[in-house]
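Values in this text are rule-based calculations from the coordinates and carry no lab data. Quick caveat: nothing in here was measured; it's all calculated off a predicted structure. Cβ atoms come from the backbone with ideal geometry, glycine included; neighbour counts cover every protein chain shown.
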Amino acid sequence: MDPLALTLIELGAVVFCLGLLARLAGRIGMSPIPLYLLGGLAFGAGGIVKLEGMHEFAHLSGEIGVILLLLMLGLEYTAAELFTGLRRSWQAGVLDLVLNFVPGAALALTLHWGFVGAMVMGGVTYISSSGIAAKVITDLGRLGNRETPVVLSILVFEDLAMAVYLPILTATLAGVSFLGGLTTVGIALAVVSLVLMVALRHGHHVSKAVHSENSEVFLLNVLGAALLVAGAASAMQVSAAVGAFMLGIAISGSTAHSATRILEPLRDLFAAIFFVAFGLNTDPATIPPVLGWALVLAVATAATKMATGIWAAKRAGIARPGRFRAGAALVARGEFSIVIAGLAVASGAVPRELAALATTYVLIMAVMGPLAARYVEPLTKAFARKPAVAAQA
Amino acid sequence: MNVEETNLPGLGRRKDFMTASGRRIGVVERWEGQTELIVSTWDDPDTCQASIPLTSDEAATLGNLLGGQHLAMKLTEEHKDVPGIVTRQFSIAADSPFQNQPMGKACIRTRCGVSIVAIMREGEVLPSPGPDVVLHPGDLLVAVGTQEGLDSAANILRHG
């Protein structure tokens, strides 16, 4: 068959299947990310059907997917929100970082994946899925709850931590010498602080430069700027994702809100292809050996996120049921864990099992997170009632 | 009244206060523009029993209803020494013959001796509106007059 025709047919079939999966996910009220990953596993190396034609396209689309995911993560919060978040909740943020980075890193060291593997797995278990968390909070009608700002401020802190973590990760993965790595990280941190300062003082100029009343012009402006900045960052060895993320932070105010609205369908498409592409590169046969470890990690890091939420909510003066709700809202891991694992796998600096472990882990956490958030309330009520009944008897 | 404003990074802003009965009540304004009315449960003020999405029209109408009640209560208080004078509120329905017409067209003062002392619109008060003020659907008119005068004014506003 004509290669172009083959590519189109494969791509069409994959995107169509993704549509069906997303619909299924919506029907049963879960995040579509685990289903996309499963779809990728089914189509990829060692899967049920092997797709060859769309490989190149899937690779580039996946890269664009990462750029859009990070750009929109940056758009989510304004620089001012990041600063107030940092001032108000840095203790909770640091606790979150320590409690949730350590289990992943420790497991990687146990499995002899070395320092690089520990850096990667720590990131995978640390970062909550702000996408899943925001959706769960909205869907369960918890926007007006008092613990919600606590949850969101932890997500804001993680957002900032990503800005520092990603350049360090990129340098580590590139395997540059200690001194070279220090320079790269130094440059990256300087750029990050500079962008934050510019975003805080002159964010409206950046916003103005890309803004347009015409939605077509606006879309092309934002997308073009994101790809340009990402490309430039990549050329400077700072990782394309970080560049896009910084641009997202610099765009603020109403421009950021309309950019989010306009980019959402594009992000959904390319991010879906990114998850599939990640699944494509993972051999399903590598999953069963790491399944046990993934389960251990899932249970441990669900507990550590719960602990983080409970502690932060308690500090904010939230009553018992609210503390558990805050913890459970943070449990879900998703898109950014896969982004981190994807960066690591693409660099080839980590063993193949890491991809399998990260995939399995995210599959479990993306399903477990929303379920935990939904059922934590009746569970805490049931537990709270039992002693009361006993006391009466 | 002490209204607490809380930023919800990435999602919107919450404005709420504690009622004397121990419930937290307020609104969440989403960045995308929706408004949600929130009411806490009685046993856990941290959580919400209901969060009701409102369109901007619905939010404005609810604001008018609550604000109008407040205004009417104040006016009744002031008129309580004058026997026979009553305060009442009329809302302009979407099928009212006077919607999008200047108020003077209804000739309410001439026909029934009733004064429109204020119009509540989108949560704001237009005090002592003139005859050239155009009525919109959803407006709440605060009227002062006798019982019979108000009855006939209600009839005029509804049926022309």
**OP:** Grab the alpha carbons of region A:51-105, take their convex hull, and tell me the volume per residue in Å³.
**Re:** 107
Subject >> Qualifying trypsin sites (Lys or Arg not before Pro) for region A:1-100 [loop in DSSP, other Cβ within 10 Å: at most 11] >> reply: A:LYS50
Original post:
Using r as the Cβ-Cβ distance of B:ARG30 and A:HIS59, and R0 as 45 Å, what FRET efficiency do you calculate, to the nearest 0.05?
Top reply: 0.80
Subject >> Karplus (6.51, -1.76, 1.60) ³J(HN,Hα), θ = phi - 60°, over region A:262-276, in Hz, Gly and Pro reported as x >> reply: 6, 8, 3, x, 5, 4, 4, 5, 6, 5, 4, 5, 4, 4, 5
**OP:** Report, by chain and number, residues whose modeled amide H sits under 5 Å from the one on B:GLN49, excluding near sequence neighbours (fewer than 5 apart, same chain).
**Re:** B:VAL39, B:SER40, B:THR41
Original post:
With a ≥ b ≥ c the root eigenvalues of the C-alpha gyration tensor of chain B, is it rounded (a/c under 1.5), prolate (a/b larger than b/c) or oblate?
Top reply: prolate
**OP:** Please list the non-local residues whose amide H lies under 5 Å from the amide H of B:GLY12, H modeled 1.01 Å from N, same-chain partners needing a gap of 5 or more.
**Re:** B:TRP31
Subject >> Using alpha-carbon coordinates, inclination of helix B:56-79 to the longest axis of chain B, degrees >> reply: 60
Original post:
At what distance in angstrom do the alpha carbon centres of region B:111-126 and region A:302-344 lie from each other?
Top reply: 52
Subject >> Span from the region A:144-179 Cα centroid across to the region A:202-226 one, whole angstrom >> reply: 26
**OP:** Return the sequence-ordered ³J(HN,Hα) values of region A:170-186 in whole Hz as given by the Karplus equation 6.51 cos²θ - 1.76 cosθ + 1.60 applied to θ = phi - 60°, using x for Gly and Pro.
**Re:** 4, 5, 4, 5, 5, x, 5, 4, 3, 5, x, x, 4, 4, 4, 4, x
Subject >> Sorted largest first, extent of region A:281-393 alpha carbons per principal axis (Å) >> reply: 61, 29, 17
**OP:** Calculate the radius of gyration of the Cα atoms of chain A to one decimal place, then report Dmax, the largest Cα-Cα distance, as a whole number, both in Å.
**Re:** 20.9, 78
Original post:
Just the Cα atoms of region A:132-251, one point each, no solvent: what log10 I(q)/I(0) does Debye give at q = 0.11, 0.12, 0.17, 0.21 Å⁻¹?
Top reply: -0.49, -0.58, -0.97, -1.12
**OP:** Quick one: compute the contact order of region A:189-266, relative version, from alpha carbon pairs under 8 angstrom and 6+ residues apart, as a percent.
**Re:** 39
Subject >> Extension reserve of the A:ARG261-A:ALA5 stretch, reckoned as 0.36 nm per residue once the Cα distance is removed >> reply: 88.9 nm
Original post:
Longest span of chain A, sites excluded, free of GluC sites (Glu not before Pro) in DSSP loop with at most 10 other C-beta atoms within 10 Å?
Top reply: A:214-393
Original post:
Say the dipole of region A:49-133 comes from +1 at the beta carbon of Lys and Arg and -1 at that of Asp and Glu; which of A:VAL94, A:ALA80, A:ALA133 then lies farthest toward its positive end?
Top reply: A:VAL94
**OP:** Can you figure out the FRET efficiency of B:ASN155 with A:HIS112, using R₀ = 56 Å and their beta-carbon distance, to the nearest 0.05?
**Re:** 0.05
Subject >> Cα convex hull of region A:218-301, projected area averaged across orientations, nm² >> reply: 8.1
Original post:
Please identify the trypsin sites (Lys or Arg not before Pro) of region B:1-106 that satisfy two criteria: DSSP loop assignment and at most 16 other Cβ atoms within 10 Å. Which are they?
Top reply: B:ARG23, B:LYS80
Original post:
Any idea how far apart A:ALA232 and A:VAL164 come out in nm if each label point goes 7 Å out from Cα toward Cβ?
Top reply: 2.5
Subject >> Restricting region B:1-102 to GluC sites (Glu not before Pro) in coil, as DSSP defines it, with at most 14 other Cβ within 10 Å >> reply: B:GLU32
Subject >> Bins of 10 Å, starting at 0 and running to the largest distance - Cα pair percent for region B:1-93 >> reply: 14, 35, 29, 16, 5, 0
Original post:
Can you give the net charge of the other residues whose Cβ lies under 15 Å from the Cβ of B:PRO53, counting K and R as +1 and D and E as -1?
Top reply: -3
Original post:
Helix B:147-159 sits at what angle to the longest principal axis of chain B, using alpha carbons and giving 0 to 90 degrees rounded to 10?
Top reply: 80
Subject >> Point-to-point label distance, B:SER91-A:ASN214, nm (Cα→Cβ direction, 7 Å offset) >> reply: 4.4
Original post:
Taking amide H positions as placed 1.01 Å from N in the peptide plane, with prolines and chain starts having none, which residues 5 or more places from B:VAL133, or on another chain, fall under 5 Å of its amide H?
Top reply: B:MET103, B:GLY104
**OP:** Could you work out how far apart the two model spin labels at A:LEU182 and B:SER21 are, taking each label as a point 7 Å from the Cα in the direction of the beta carbon, and quote it in nm?
**Re:** 6.6
Subject >> Cross-link pairs beyond the 28 Å C-alpha cut-off, checked among B:LYS80/B:LYS105; A:LYS314/A:LYS381; B:LYS15/B:LYS80; A:LYS314/B:LYS15 >> reply: B:LYS80/B:LYS105; B:LYS15/B:LYS80
Original post:
If contacts are Cα pairs under 8 angstrom and at least 6 residues apart, what is the relative contact order of region B:15-160 in percent?
Top reply: 22
